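The values are calculated or read from the model by the stated rules, or taken from the named source; none is laboratory data. Since this is a predicted model, take the numbers as computed values, not measurements. When we count neighbours, we look across all protein chains shown, and the Cβ atoms used for this are built from the backbone with ideal geometry, even at glycine. For accessibility, only protein heavy atoms count, side chains too; no ligands or nucleic acids. Shrake-Rupley method; radii C 1.70, N 1.55, O 1.52, S 1.80 Å.
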There are 2 protein chains.
Amino acid sequence: MKTRKRFSARTSKIVSSREDPLSVQSVEKAFRVLTAFDGAIPSMGLTQLAASVGLDKSAAQRFTHTLMRLGYLRKDPDTRRFELTVKMLDLGYRYTRANPLIQRALPYLLHLSKTTEETVNLTVLDDTDIIFVSRFMSRHVLNNDVIIGTRMPAYCTAPGIAILSRLPPNEARNILKRSDLVVFTPYTTYRMDDLLKKLEISAAQGYATAFDEFYHGDLSIAAAILGQNRWPIGAINIAVSRTRFSPEEAVERFSSLVVAAALSVSQISNLRR
Amino acid sequence: MKTRKRFSARTSKIVSSREDPLSVQSVEKAFRVLTAFDGAIPSMGLTQLAASVGLDKSAAQRFTHTLMRLGYLRKDPDTRRFELTVKMLDLGYRYTRANPLIQRALPYLLHLSKTTEETVNLTVLDDTDIIFVSRFMSRHVLNNDVIIGTRMPAYCTAPGIAILSRLPPNEARNILKRSDLVVFTPYTTYRMDDLLKKLEISAAQGYATAFDEFYHGDLSIAAAILGQNRWPIGAINIAVSRTRFSPEEAVERFSSLVVAAALSVSQISNLRR
DNA sequence: AATTTTTGTATTGCATTATAATACTTTTTA
DNA sequence: TAAAAAGTATTATAATGCAATACAAAAATT
């Protein structure tokens, strides 16, 4: 009867291991535990954690123990709740330091930041999102809760459109199709044909714009960075506040700077096709 | 007889598992693989990776496979070398968002940053190091390769001294003893009794200073943030360039601001003992 | 250009490791 | 104060992860 219980209990696991026998399930579970914590759920007790990641108490126990030993998790001695440790930052730090694009772009971003005194970002694409990987905020900055690691949908951001516009058209189209096209503001471009038109315009002029599409009052101008195969590997953008510039002024002032910086970081001689 | 076989076959592993049978070794190995990459070694082939983390090729194969499936590692299709993906940033991001100290401190840091127009940092202690967890750079910034996640030795930084000075004296002493006291500049404080004196001064005046101790030309003033038990949980510092201020001017201008901000973020009514 | 060596990929039987049940302890709630 | 819930510790079992091996594909060398 013991065996029977076990059998029924593990059916799903057996299936999943069959699907990919090379994959180490313990590792996957450990990451399930780690990624159970975020801004909404900053700490959990063992039972709560176990429930939230779909493990039994024993398993949760072993993984929390392991992750504590490795230093990524700590348990508050009073509340006995688990929380992430600062060592988690090491992981992101490793990526930043190991990434040649970020290292190569750094001086250009700094230069842009100092000459314009506006907010300058480097972003990369991850499926349907862009992720901020390097950021220099101006003192006029609008938005303080965009930090390194923040994700935004590609379709409604200047960097996202700039990157998509340099992908083969059907690739870009696929990404847009997969995207959850939410209307964040009255100015959000969300209709597929409007988005495709934006891509065309971006490809033609060499830079993309997004005015009030995600945040109210945010004017953003971006140009894609291309790798050796002319494949877009990221984007540089400048973001300014509508209170200080009109869209036209912003384009006039910053588009050529952004394009020039993106070209400098690109591993090719000319951004145009 | 089973037990006997176990014993002979895998002596080293048995030892380690005996020491801590609750720990999941696969997870530990996965993290060995992930943390093999950094600025110095941004990418590796399978064999090289296996050698560098002390796994055989089979194991390296399974862990890279697993980590790729989870999205933290990618393999360049041309070079077949592995590298970290931007998903690593998610992990650090989770910590930042889940950490109540960082969230609580944010508005005060922003305020400091805007009013002073100087570089403002929030740091926490991790053993003998401080780690930058939040940072607002001024345009006069000296040092561009300090980013979120950067570690520095506590003993030669203002935030480090500020934090240590609020620990029980023998705790602070133990940390200093464990520290590798490197002389970075001619002004680095590295003798134990000088360091202890710095702690005393910091405790007495409520803020710590570090002038040219790690970077030439860097003047830093820090105050510790205390938790409910008056235990230091981090520090706020302002860093300015010697080209623009003398140490005395910097102290005069910024020490009270830093102390006030740290007190505001602290969960107590008064920074003094 | 051919050969050797190195590196990467795929497969499999075996036994160690991870598992999950259970018992026990402590804390919280009623 | 009792009951319930949460956390901790232990252990037999078998499924998982292991490492050997074979195969394939690039580099490196001749």
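Assorted remarks:
- Cross-chain or 6+ apart pairs with Cβ under 7 Å, the stretch B:136-147 first and in a loop (DSSP other than H, G, I, E, B), then surrounded by fewer than 19 Cβ atoms within 10 Å (Cβ to Cβ) and of a type in the set (Lys, Arg): B:139/A:114; B:140/B:244
- Meets criteria (in contact with a helix residue (DSSP H, G or I) (Cβ under 8 Å, 6 or more places away or on another chain), within 30 Å of residue B:28 (Cβ to Cβ) and either within 8 Å of another protein chain (Cβ to nearest Cβ) or open to solvent by 60 Å² or more (accessible area, probe 1.4 Å) (or both)) for residue B:93: yes
- Restricted to the stretch B:70-79, and to residues there that are more than 9 Å from every other protein chain (Cβ to nearest Cβ) and surrounded by fewer than 22 Cβ atoms within 10 Å (Cβ to Cβ), the residue that is nearest to DNA strand C (Cβ to nearest atom) is B:75.
- Candidates B:109, B:84, B:89 - the one that is more than 19 Å from the chain's Cα centre (by Cα) and farther than 17 Å from residue B:202 by Cα: B:84
- Taken over the stretch B:166-177, the residue count meeting the criterion of being within 20 Å of residue B:234 (Cβ to Cβ) and open to solvent by 50 Å² or more (accessible area, probe 1.4 Å) is 3.
- Top-ranked residue of the stretch A:112-121 - restricted to ones that are outside any helix (DSSP H, G or I) and buried (at least 17 other Cβ atoms within 10 Å of the Cβ), ranked as nearest to the chain's Cα centre (by Cα): A:121
- Restricting attention to the stretch B:34-46, the residues being open to solvent by 10 Å² or more (accessible area, probe 1.4 Å) and either facing chain A (nearest Cβ under 8 Å) or farther than 24 Å from residue A:32 by Cβ (or both) number 9.
- Residue pairs whose Cβ atoms lie under 6 Å apart, separated by 6 or more positions or on different chains, with the first residue in the stretch B:47-69 and open to solvent by 80 Å² or more (accessible area, probe 1.4 Å) and the second within 7 Å of DNA strand C (Cβ to nearest atom), are B:62/A:22.
- Restricting the stretch B:30-69 to residues that are among the β-branched types (Val, Ile, Thr) and more than 10 Å from DNA strand D (Cβ to nearest atom), the residue that is farthest from residue A:72 (Cα to Cα) is B:47.
- Test result for residue B:118, facing chain A (nearest Cβ under 7 Å), of a type in the set (D, E, K, R) and touching a strand residue (DSSP E or B) at 6+ places or on another chain (Cβ under 9 Å): no
- Filtered residue count, the stretch A:148-165, keeping only those that are assigned to a loop (DSSP other than H, G, I, E, B) and under 22 Å from residue B:87 (Cα atoms): 4
- Residue satisfying condition, being buried (at least 24 other Cβ atoms within 10 Å of the Cβ), at pLDDT 95 or above and within 10 Å of chain A (Cβ to nearest Cβ), within set B:86, B:124: B:86
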